[in-house]
1. Checking the condition within 16 Å of ligand 2 (Cβ to nearest atom), within 23 Å of Phe64 (Cα to Cα), crowded, with 20+ Cβ neighbours inside 10 Å and of a type in the set (A, V, I, L, M), which residue from Ile224, Ile190 passes?
2. Report, ordered by the first and then the second residue, all pairs with beta carbons closer than 6 Å, sequence separation of six or more or different chains, a first member in the range 32-52 that is in a strand (DSSP E or B), and a second member that is open to solvent by 10 Å² or more (accessible area, probe 1.4 Å) and near ligand 1 (Cβ under 7 Å from one of its atoms).
3. Quick one: would you say Gly59 is within 16 Å of ligand 2 (Cβ to nearest atom), open to solvent by less than 50 Å² (accessible area, probe 1.4 Å) and touching a residue at least 40 places away in the same chain (Cβ under 8 Å)?
4. In the range 211-226, which residues are of a type in the set (A, V, I, L, M) and within 16 Å of ligand 1 (Cβ to nearest atom)?
5. When residues of the range 13-52 are filtered for being within 16 Å of ligand 2 (Cβ to nearest atom), open to solvent by 30 Å² or more (accessible area, probe 1.4 Å) and not aliphatic (A, V, I, L, M), how many remain?
6. Can you tell me which of (1) closer than 27 Å to Ala211 by Cα; (2) out of contact with any helix residue (DSSP H, G or I) (no Cβ under 6 Å at 6 or more places or on another chain) is the one Ala74 doesn't meet?
7. Which residue, of Ala155, Ala213, is within 24 Å of Gly228 (Cα to Cα) and among the small types (Gly, Ala, Ser)?
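The values are calculated or read from the model by the stated rules, or taken from the named source; none is laboratory data. Small disclaimer: the values here were computed from a predicted structure and weren't measured. With ideal geometry, Cβ positions are generated from the backbone for all residues, glycine too; neighbour counts draw on all protein chains shown. SASA here: full protein model, heavy atoms, side chains in, ligands and nucleic acids out. Shrake-Rupley method; radii C 1.70, N 1.55, O 1.52, S 1.80 Å.
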Amino acid sequence: MIPALAVYGVEKRIGATRILRGVDLAIEPGERHALIGPNGAGKSTLFNLIAGGARPNAGRIDLFGAEITRLAPAAITRRGLARSFQTTSVFARLSVFDNLRCAAMLAERDRTRWWQRFSGSNTVDERAEQVLAAVGLDARRHIQAGTLSYAEQRALDLGLALAGGAHTLLLDEPTAGMNRAEAARAIELIRATTAGRTLLMVEHDMDAVFALADRVSVLVQGRIIATGTPAAIRADAAVRAAYLGDSVRA
Ligand SMILES: Nc1ncnc2c1ncn2[C@@H]1O[C@H](COP(=O)(O)OP(=O)(O)OP(=O)(O)O)[C@@H](O)[C@H]1O
Ligand SMILES: [Mg+2]
């Protein structure tokens, strides 16, 4: 099967520092994959390379079998990959609903035949309505997006990716800055709204990772040291030593 997202031998240097040292990753269509690893391991750097924000020094990145390594971010977005940032990217002065309409409209404008199969044939308003309900912001539709709570803004951010018709989502620490209840709700929202899509997520909250991910990859000092089911990763001695904080006993 052709992976939804494939990373082959990706290396990234910044100055003399090797940030990524040959990363391989293959994510199946519809898979929810978590990328974990200590601070500074290179997780956000890898996301940035995948989304076209920077270019790797070596290696290749494919989206559904087509190379995207050297494409600009907008071109990668048009091919159906959406990335959420740590900070929200909503239009603060527009209403919640108009934010979603904008995202749906941009996607409509950028339609190609290739991508039509993912975005369906709904009108812009129908799609905005659907997403509004899906992310639980129906009651807030007329509110200026900038006045939403932090957790609501993150939900809207996810909604923008969905309204844009993305089939593959990169979420970098989607529950950062939330309390436990908000984080749990956010994970449920991600689970419900990403069904049938491919998800690659950086997340430090292990409860969230183990609840949501089909598979987990562990990045340590620019290398993937393990990939497997949450249970296998939890039991992996090298992972525990490198990341989960356990000492390895001989
Ligand atoms: N523009 C840059 N210039 C120099 N070094 C950088 C730059 N961007 C990132 N780095 C370094 O690259 C390494 C990887 O950073 P990155 O942000 O990818 O880590 P991360 O795994 O996302 O960490 P965190 O869990 O803290 O978000 C770090 O050592 C960081 O200091
Ligand atoms: Mg990061």
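1. Ile224
2. Final answer for the pair search is Leu35/Lys43.
3. no
4. Within the range 211-226, Val216, Val218, Leu219, Val220, Ile224, Ile225, Ala226 qualify.
5. Adding up the residues that qualify gives 7.
6. Result: Ala74 passes all but (1).
7. Ala213
Results for (1) among the hydroxyl-bearing types (Ser, Thr, Tyr); (2) more than 30 Å from Ala232 (Cβ to Cβ), shown as yes or no for each residue.
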| site | (1), (2) |
| --- | --- |
| Pro3 | no, no |
| Val7 | no, no |
| Gly22 | no, no |
| Ser44 | yes, no |
| Asp62 | no, no |
| Leu106 | no, yes |
